[in-house]
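Notes for the one structure printed next.
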Amino acid sequence: MRAIIKSNQGVAVREVDAPRVRETDVLVRVKLAGLCRTDVFVAEGRIPAKSDVVLGHEFSGIVEAAGKNAPGFARGDRVTAMPVLPCGRCALCSAGAQDKCQATTMLGIDHDGAFGELVAVPVSAVHKIPDAMSFRLAAYSEPVAAALSVMKAGLKAGQRGVIYGNNRFSHLINRILKAYSLDGVTVFDPAAGIPLREGAYDFAIETLATDKAMHELMLAVVPGGKIVLKSRKHEPVGISLALAVKKEITLTAVNYGDFGEAIRLMAEGLIQVDDLLGPEHPLEEFAAVFERSKTLETQKVFFNPGA
């Protein structure tokens, strides 16, 4: 099959062997795969990955085959998948808390991903999608599940909130909050030149993690307020412990919400995301697409391996 491969020699579209399907795997023919900044960081070597890895982790497609111990799926099923995979062996996994596993691995980093014609995924990570749901929406399930995690932070309707950062992800979070009746939340653009009001918000959600952003958010929340940490920045970010302690601020970090719920929100029209979804490209255009993604954050772009 054709796939975008990250190797020691760089990134290229190559012909590679189709995935080997284990007994507990589902083999999916990829219809669309979304580009995430994580994919770009892996391509650049900023995130370590296994050698000769197929990049990509946000996707939708059609089941090609299912292993003999992968019940519930058949050829032709329309699916997407959660790309972060629990280890299945630790105490948390054994206790049924796979969502809290600290030994997770990920498609496109530790396992071959979705920037190819086929991808093999453990059956436990695969989710069917409704017949009426487009493959574009289904391929956006992972970002929606990541944004949905803010609802784990104990936010309540009627509270005053601000989302720090004017980007695709901040607007997605805002739409999810509205779907759960948290109206009146402000999306703050730090590039607009208007200062963030101090002591004006019960909670703040960061989507842009910098020392400056964290300081402004600590000033912006009320004493006893909450800051929800959502970015996945790999470099350390500084905070003022003295200010956090003085104001008794709660810092709450959230990872993913329920993947099935993310699919339902889009499939039932509870959130609208079509304007956040951008163009589709053949695999061979990866270099230009990767480069543009470093500066353009308004729309999600996709690869179509069948193009």
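The values are calculated or read from the model by the stated rules, or taken from the named source; none is laboratory data. Here the structure is a predicted model, which means the values were calculated and not measured. We place every Cβ from the backbone using ideal geometry, glycine too, and count neighbours over all the protein chains shown.
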Problem - Scan of the range 25-51 for residues that are farther than 23 Å from residue 284 by Cβ, out of contact with any His (no Cβ under 8 Å at 6 or more places or on another chain) and either surrounded by 15 or more Cβ atoms within 10 Å (Cβ to Cβ) or hydrophobic (A, V, I, L, M, F, W, C) (or both), ordered by number - result: 25, 26, 27
Practice task
Inspect the range 46-65 for any residue being out of contact with any strand residue (DSSP E or B) (no Cβ under 9 Å at 6 or more places or on another chain), β-branched (Val, Ile, Thr) and in the same structural domain as residue 104 (by TED's automatic domain parsing) and give the result as yes or no.
Solution key: yes
Exercise for the section: Could you tell me whether any residue of the range 219-233 is touching a strand residue (DSSP E or B) at 6+ places or on another chain (Cβ under 9 Å), in contact (Cβ under 8 Å) with a residue 40 or more places away in the chain and part of a helix (DSSP H, G or I)? Expected result: yes
Handout entry: Breaking point among (1) touching a Cys at 6+ places or on another chain (Cβ under 9 Å); (2) surrounded by fewer than 17 Cβ atoms within 10 Å (Cβ to Cβ); (3) charged (D, E, K, R), for residue 183
Key = (1)
Handout entry: Residue satisfying all of: in the range 201-218; of a type outside the set (Val, Ile, Thr) and not in a helix (DSSP H, G or I); surrounded by the most Cβ atoms within 10 Å (Cβ to Cβ) among these
Key = 204
Practice task
Take the residues in the range 99-121 that are touching a strand residue (DSSP E or B) at 6+ places or on another chain (Cβ under 9 Å) and of a type in the set (S, T, N, Q), then tell me which one is surrounded by the fewest Cβ atoms within 10 Å (Cβ to Cβ).
Solution key: 105
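Of all residues in the range 254-280, which are assigned to a strand (DSSP E or B) and loosely packed, with under 13 Cβ neighbours inside 10 Å?
279
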Exercise for the section: Scan the range 125-147 and give yes if some residue there is crowded, with 22+ Cβ neighbours inside 10 Å, more than 18 Å from residue 263 (Cβ to Cβ) and out of contact with any strand residue (DSSP E or B) (no Cβ under 6 Å at 6 or more places or on another chain), otherwise no. Expected result: no
Exercise for the section: Within the range 101-111, identify whether any single residue is of a type in the set (Gly, Ala, Ser), modelled with pLDDT of 95 or more, farther than 20 Å from residue 34 by Cβ and outside the structural domain of residue 15 (by TED's automatic domain parsing), and answer yes or no. Expected result: no
Exercise for the section: Filter the range 101-128 down to residues that are in a loop (DSSP other than H, G, I, E, B) and β-branched (Val, Ile, Thr) and give me whichever is farthest from residue 52 (Cα to Cα). Expected result: 104
Exercise for the section: Need at least 3 residues that are more than 22 Å from residue 59 (Cα to Cα) per element, so show me which helices (runs of 4 or more DSSP H) inside the range 129-189 make the cut, counting only ones lying wholly within it. Expected result: 168-179
Handout entry: Meets criteria (buried (at least 18 other Cβ atoms within 10 Å of the Cβ) and of a type outside the set (S, T, N, Q)) for residue 228
Key = yes
